[in-house]
1. Using θ = phi - 60° and the Karplus form 6.51 cos²θ - 1.76 cosθ + 1.60, what ³J(HN,Hα) does each residue of region 140-150 get, whole Hz, x for Gly and Pro?
2. In what sequence do Tyr52, Tyr145 fall when counting other Cβ within 10 Å, fewest first?
3. Starting from the exponent 0.38 and prefactor 2.2 Å, build the expected Rg for region 2-165 from its residue count and divide its actual Cα Rg by it.
4. Only counting other Cβ atoms within 10 Å, I'd like Arg217, Arg29 sorted with the fewest neighbours first.
5. In whole Hz, what ³J(HN,Hα) sequence does region 171-183 give by Karplus (6.51, -1.76, 1.60; θ = phi - 60°), x for Gly and Pro?
6. Regarding region 306-464, what's the average projected area of the Cα-atom convex hull, expressed in nm²?
7. Starting with the fewest neighbours, write out Ile191, Ile81, Ile175 ranked by other beta-carbon atoms found within 10 Å of each beta-carbon.
Amino acid sequence: MSESRAAPTAWYRLRRWLASAPIGDPVDRRNAPMLQIVLIVIGCVPPLMWLYRITASALPWRPGETASMLMSLSLSTMAWIGLAMIRRGRFRAAASLVLGVVALLMVLSYATSGLGAQTYEQPIQVVWIAIAGLVLGRRALWWMYGWMIVAFAIGFAVDVRAGKITAASLADEAIGVMITATLFLLIAIVIDRAVAALRESLGEANRRGNELVRINRRLEAEIAEHARVREQLFHAQKVEAVGRLASGIAHDFNNLLGLMLGYAQRSRNSREPDELRRSLDGMESAARRAASITQNLLNFSRSDATRIEILDAGPAVREMEPMLVQLLDPSIRMRVTVAGSGPLPVRFDPAQFALVALNIAANANHAMPDGGRFEIDVRPNGPDVDIVFTDSGPGIASDLHERIFEPFFTTKPSGQGTGLGLAVAANLVRNAGGTLSVENAPDAGARFRMRLPRVDSAAARAANRPAPG
């Protein structure tokens, strides 16, 4: 078991080592492991074979073997030098050096031994054409083929001079050399086309990859910009809602200031300690109410990031009632009804929840300039919670029900609406996993239905549990 595990581990480490050469070009990086393996084989096998020939073989040393041994060991030396260059990131220089040495040694070998002596070596020489094309490209491939044809010609001339080719067989031998050169040419053409197609495919894949990276970065930037603009729009809508509340708030503050002035006047005219205490208590109560109104406005209009919480829909709507009353005209009567006795938990950002209600109430206020009713009903609906806003205005035409939530669409006169209030409200409800729809009420008027998923009771209790300590 341990040996079967050790072998894959050793192979995995070898693959990692071969792929760890610091090469920048992606095509060269893919070819580097293959070329390194070839160089390691060339660097190891010939010296071992010659070592066996010298120390263990019983055959006598033949003429020309010394030259063959020197050329073979020179190639092995160049292989180790090329491997060291690749490990330092100089892939193309190493490949050019090794292929140049191979071409030189091939020419020297044909010049020394002739063409006939290389018959069994020629299939191996095809490998160098393939390596030149795959590693360095088409130009190197054809340079290697050219040197091979030069070597053939030199070897043929050496055989003729040495008398190995007679005058009678000269034409046949020349035709044989031409056939061999033609076969090598066909092989070179096939390799050339394959290399060209491979590099074009890799280039296209790299271009597509780079384009996808650029598109992804652009999308990320657009998403970030969209989120930033959405937050700005949300905050602008809150500020606009605060502006709508201004008249009601001013009225309340005038009442509170008048109340405090009355208590101050009463305390100035009275010398009784109890009367002074009651006046101060009244002034304190009025001041606390004014501070509460101010704090609610500050909490609502601040530009904090979205904070999703679990809210009980009933109490959340009731807490907004004073703010909604300030928004509506005095001639509009408001009523809030919460059905059921249990909690109705939903997930929503408190400020966004208030903004949805304020936008719908603002539309109802515009729809009832002569007064009317505005009612909010909170009730369970199976796995959901419905919050229904109903006004007694003229209602909304049926053909506008789909468009009413489109950005910048408004039925108000120019200068009286941006057309963003209901669009923002619908988007906030949708982000919370709910829906916002509109319909005409049975007795005239418009009815907006906000439907939100009801949170599981256990999750609501866990979210509302106070932190320890």
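1. Per residue, the Karplus-derived 3J(HN,Hα) values read 5, 4, 6, 5, 5, 5, x, 5, 5, 5, 4 Hz.
2. Working: Tyr52 10, Tyr145 22.
Going from least to most buried by this count: Tyr52, Tyr145.
3. On the way: Rg = 18.3 Å, N = 164, 2.2 N^0.38 = 15.3 Å.
The value comes to 1.20.
4. On the way: Arg217 10, Arg29 14.
Least crowded to most crowded, the residues run Arg217, Arg29.
5. 5, 5, 5, 5, 5, x, 5, 5, 5, 4, 5, 5, 4
6. Details: hull surface 38.0 nm².
Its average projected convex-hull area is 9.5 nm².
7. Working: Ile191 20, Ile81 16, Ile175 10.
Lowest count first: Ile175, Ile81, Ile191.
FYI, it's all coordinate maths here, none of it is from the lab. Nothing here was measured: the structure is a model prediction, and the numbers come from that model. Quick reminder, even Gly has a Cβ in these numbers, built from the backbone with ideal geometry, and neighbours come from all protein chains shown.
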